[in-house]
């Protein structure tokens, strides 16, 4: 017997039991606490020792402990119908046994169990008061999309041109949904303190075009909000650019690597424009917070992106056969006027399957971004007026210029 390993296992089991027991004693009234610090520590040691004696000894001890726990629960169920204490006691025995085999894992899981037990009040507040029914539905929908639907989709192309890979398309849908959930909750947490800027940034993950339009309406309605609204619109485009890069990375990591410096320069150019508006007073705006009943994401928007990606991929592959790379890029640029992520996915997919040379794809993604900038700039002038339009257009131009210079410099360096 390795006495060092055995000592470590026993000490770990003792520590896990004490930790769980202390948390239980501090979170439960004394008259509702059949098992406290000492009991949990002894049970964890029991689990460790019986496992060291043999698996069958441990199973017998665990069954006996389960019987005693059941008897205690039946006696106190009328006062405390919850099962948390009983489950925690049995888990202490299992973690004690695990310490005999993997002490580090047992200790880590023990800390996690203690955190969950300690966080009873905040978790109840979050589940009952902070998260709405609609947000729970959205989270479950995201989980189903990622863990149920996506594994069932075929990895291989299903069309004659080899353009549509259902799992790849759905992966982008899940990415858009996940970013929407993150943005929604981040906006709820930070929106009241940071106002229009945070609201603008996270709305860009859903639709930067819609953000430019809605912020333009605010700017036209109140001249004092022109600069703050323009800054928020550029922050929405920053979020859209980050999602754009994430889509390219998901479809063609090789293309992302070849264009990385272009996107870094584009982000820096856009940040410089945002900083200039910030200096002009772009954060002096009333607080804006997402309503609690807002959806975390729009499934229709995610499915629309999936349909557009499939359509762009097919159209680009078909035009690439008829007119070469120019036709494929023209199709992607036309789609980018409305949905830039779908257009980017179309170009990246052509590069990934070898239907478009890497160099053409590098400039093609930038052309797609440029078409989107033209569309959003025109929309800013139409909805928000001349001053708002100029500020937004200059920011988009700074982003596009940075992207062009970064791509040219990386190509020259190569």
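P(r) for segment 348-414, from all Cα pairs and a bin width of 10 Å, is 20, 37, 27, 14, 2 %, short bins first.
The fewest-to-most ranking of 48, 373 by surrounding Cβ atoms within 10 Å reads 373, 48. Each residue, residue 330 and residue 304, gets one label point 7 Å from its Cα in the Cβ direction; the gap between the two is 2.6 nm. Tell me whether segment 3-126 comes out rounded, prolate or oblate; compute the Cα gyration tensor, take square roots of the eigenvalues as a ≥ b ≥ c, and use a/c under 1.5 as the rounded threshold. Judged from the Cα gyration tensor, segment 3-126 comes out oblate (a/c at least 1.5, b/c at or above a/b).
Every number in this text was worked out from the coordinates using simple rules, so none of it is lab data. Keep in mind the model is a prediction, meaning the values are calculated, not measured. Cβ atoms come from the backbone with ideal geometry, glycine included; neighbour counts cover every protein chain shown.
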